[in-house]
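Below you'll find the structure, written out as structure tokens, and then a few comments.
The values are calculated or read from the model by the stated rules, or taken from the named source; none is laboratory data. Since this is a predicted model, take the numbers as computed values, not measurements. Methodologically, a virtual Cβ is constructed for each residue, glycine included, from the backbone with ideal geometry; neighbour enumeration extends over all protein chains shown. Surface areas here come from the heavy atoms of the whole protein model, side chains and all, with no ligands, DNA or RNA. Shrake-Rupley method; radii C 1.70, N 1.55, O 1.52, S 1.80 Å.
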Amino acid sequence: MANLRGYTEIYDRDTVAVGSAQLHELGTRAFDENNNEWIYLSGTASVQLGDWIVYDENFATTRLTANEVGPVAIAGAAITLNQSGWFQIYGINNQARTDTISADRSLYIDGTAGRVDDLGVAGDLVIGAYSMSADASN
């Protein structure tokens, strides 16, 4: 049987809360008032606001790099080693770090850790992620 985690309610101000003391059980999911979905995870080295990460079954994160496999999320704040915080897994995100992208494109893992791009790279499609508008790098 799956080890299911409950949902909690959060607000935008909560998604930037980062701390060395764990505030929620890792893997807790939540919706904010805009119906964006978030997951509470442990941080990793050099994570900045808007970085794309991949996480594992222990809810440990790694900045997204080429050939990663696993669920992907976007950091709601700078959540580094020995810290925990909220990462967005569904919804509209205006803080996501990208290379220069065009509107309405599929997104792929970029050559820079923690970023995505709209240039197709075999095996590096971020399933379910797409650009809604054009953007300059970062």
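Quick notes on this one:
- Selection count, the stretch 44-60, where residues are more than 17 Å from Gly128 (Cα to Cα), touching a residue at least 12 places away in the same chain (Cβ under 8 Å) and open to solvent by 10 Å² or more (accessible area, probe 1.4 Å): 9
- Here the condition is being aliphatic (A, V, I, L, M) and surrounded by fewer than 18 Cβ atoms within 10 Å (Cβ to Cβ); of Ile127, Ile101, it holds for Ile127 alone.
- Of all residues in the stretch 84-98 being among the β-branched types (Val, Ile, Thr) and over 17 Å from Ala136 (Cα atoms), the one that is surrounded by the fewest Cβ atoms within 10 Å (Cβ to Cβ): Ile92
- Those residues of the stretch 23-55 which are in a loop (DSSP other than H, G, I, E, B) and out of contact with any Ser or Thr (no Cβ under 8 Å at 6 or more places or on another chain), in sequence order: Glu25, Gly27, Glu33, Asn34, Asn35, Asn36, Gln48, Leu49, Gly50, Asp51
- Ile92 being out of contact with any strand residue (DSSP E or B) (no Cβ under 9 Å at 6 or more places or on another chain) and within 23 Å of Thr112 (Cα to Cα): yes
- Inclusion of Leu41 among residues that are of a type in the set (A, V, I, L, M, F, W, C) and under 14 Å from the mean Cα position of the chain (by Cα) is warranted.
Okay, residues lined up against (1) among the β-branched types (Val, Ile, Thr); (2) over 15 Å from Val18 (Cα atoms):
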residue: Glu57; (1), (2): no, yes
residue: Thr62; (1), (2): yes, yes
residue: Val69; (1), (2): yes, yes
residue: Ala73; (1), (2): no, yes
residue: Gly76; (1), (2): no, no
residue: Ile79; (1), (2): yes, no
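- When the stretch 63-76 is limited to residues that are modelled with pLDDT of 95 or more and under 19 Å from Asn36 (Cα atoms), the one that is surrounded by the fewest Cβ atoms within 10 Å (Cβ to Cβ) turns out to be Pro71.
- Matching residues in the stretch 89-114 - criterion: being in contact (Cβ under 8 Å) with a residue 60 or more places away in the chain, assigned to a loop (DSSP other than H, G, I, E, B) and either closer than 22 Å to Glu37 by Cβ or under 11 Å from the mean Cα position of the chain (by Cα) (or both): Gly114
- Taking the listed residues Leu23, Leu81, the one that is modelled with pLDDT under 90, over 14 Å from the mean Cα position of the chain (by Cα), farther than 20 Å from Asp135 by Cβ and open to solvent by 10 Å² or more (accessible area, probe 1.4 Å) is Leu23, with no other qualifying.
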